[in-house]
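So the structure is just underneath, and the comments pick up after that.
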Amino acid sequence: MEAGSLPQSVSRDHALSESASSESGEADAHLGRGDGSLFDTADSDRNLGRKAVRGGAITIFAQAVRFVLRMGSMAILARLLTPEDFGLFAMVAVIVGCTEILKNAGLSMATIQKKEINHAQISTLFWANVLISATVTIVFAAASPLISWFYQEPRLIYVTLALSVSVVVGGIAVQHQALLRRSMQFGRISMIELGGIFSGIVVAISMAWYGYGYWALIGMNITTATMVTLLSVLLSGWWPSWPSRGTGALEMVRFGFGVVSYALLNYLSRNFDNFLIGWRWGAGPLGYYSRAYGMLSLPSDQLSRPAMEAFMPMLCRLQDQPEKFRFVFKQIIRALAFLTMPAMAILIVAADAAILTFLGPQWDQAVPIFQILGVAAILESVFSALEQPLIACGKASSLHRMGLIVAIPTIASVIVGLPFGPQGVAAGYSLVNTLIICPVLFVFVAGLTPIKVSDFYQSTLPPLAVAMIAAGILFLVRTSFDLQHPLVILAIAGVCVLPSTIWSVYLFRQVRNIQSDALLKSASAI
């Protein structure tokens, strides 16, 4: 089911514009000012499997580069800045994340999910995003004294005002990026993301080197948002016209609200720990917690989610073919699990070596937090993908219920663990996510999509077993030979995780063959 209906193709809309009203004519006249492939997905539909796999490969490669950049910058900045600097930034970053979701308003996913779109619709959504972003920015900036009072930290007033700039800047490029993702132009998307990250890192390291402290992190945020917006506009080649009525954009807005309600609930529940740790324990402990969480979330953020985004257009176009949809999703989940689960399990065993190597000896208090959160991180690749089949099947209205399933137990676990410090919060978060939330969500998603509950377990149990074996091997080798040097430990960890990584690449390539009759028979038999 799509977000709305558009019986005409883009080219037909353009042809009929001569006899339409002048307002519609002006909107469609701008179609020539952008890349026509952004609206016409006929070629993508004909080569769906090939483009999705190619896009997934490009995305994973780009995200691997992004992962290296993030880890490298984290290692440098962790030595130039203090845990308190990271904690101060994290206090406001929690709220910045909410504004990022609100400025998007789910309208990017509405553009990707809809089967047919035209220039007038996307132009209307563009201006909606700009208006929402400006409003959110004003409210966020006005709330700076309240944020400062809540944390009892006067410096947060200026931090909040500065970070509000990135919100309105980022809102300009929401639809440009959505069009690129919809047309599966993942090469351009990767250039945009890497360009933004690299420029932000250069600014952050330069500012930290010259003693600007936590302002280096703020500079990175603003620079990245600005560069991503500029590159998105330039590389998409699309320019909006003025908004117009009667375009069908309202249905897309309604779809977007369903997406954003879930995203906001999910984000708040997953960042409620930072919010309360900063309030109860201060910037220093929050700095340790946020860096441990940040390191563990990198594989999911840089690999799992982007890979799902690469295959999202494919899933959307298979929403009326249940067996194909189910098989493709299983293959993606299995590949992601083999890519991330062994790595996460091994990092738990090598936590002290990883923290010492990438952050430095002054971050040793983050090691136990890192190990405890690692339990939840093992399932993160699966957890982060569960919303995608609902969106692809047009079930955005059910996402808010999914958000409540996540939010209520997560918030409760954080509150229970808070008196015991960051480690207590980490323990509660990991237990609830592993034992309660994931199994319940499996049942919830299976009830609304072609996917079965057994599909989740068939896709995740084999890589989970491999993860346990790999972690066990590393533990035995480390204890038997009394290994102490962190680089030696990490080198052995890399060898342990290599086979599962190679296997995940093979599984991603298998998706290329989904259109063959033989594979469809196999899919039906699974």
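Peptides 403-413, 476-486 ranked from most to least packed give 403-413, 476-486, packing being the mean of other C-beta atoms within 10 angstrom over each peptide's residues. The charge dipole of region 199-358, taken about its Cα centre with unit charges on the Cβ atoms of Lys, Arg (+1), Asp and Glu (-1) only, comes to about 280 debye.
Is the C-alpha gyration tensor of region 23-525 telling us rounded, prolate or oblate? Criteria: a/c under 1.5 is rounded; beyond that, a/b larger than b/c is prolate, otherwise oblate. Oblate, because a/c is 1.5 or more while a/b does not exceed b/c.
Dipole magnitude for region 23-525: computed about the Cα centre from +1 point charges on Lys and Arg Cβ and -1 point charges on Asp and Glu Cβ, it is near 780 debye. For MET341, neighbours were defined as the other residues whose beta-carbon sits under 11 Å from its Cβ, and their charges (Lys and Arg +1, Asp and Glu -1) total 0. So what's Rg/Rh here for region 411-503, counting alpha carbon atoms and using the Kirkwood radius for Rh? Result for region 411-503 is an Rg/Rh of 1.10. When region 23-525 is described by a simple charge dipole with +1 on each Lys and Arg Cβ and -1 on each Asp and Glu Cβ, the residue from SER304, LEU156, PHE442 located farthest towards its positive end is PHE442. Sorting 380-388, 274-282 by their mean Cβ neighbour count within 10 Å, with the most densely packed peptide first, gives 380-388, 274-282.
Values quoted throughout were computed directly from the atomic coordinates according to the rules given, and no laboratory measurement underlies them. Everything quoted here is computed from the prediction, not taken from an experiment. For neighbour counting, all protein chains shown are included, and Cβ atoms are generated from backbone atoms with ideal geometry for every residue, glycine included.
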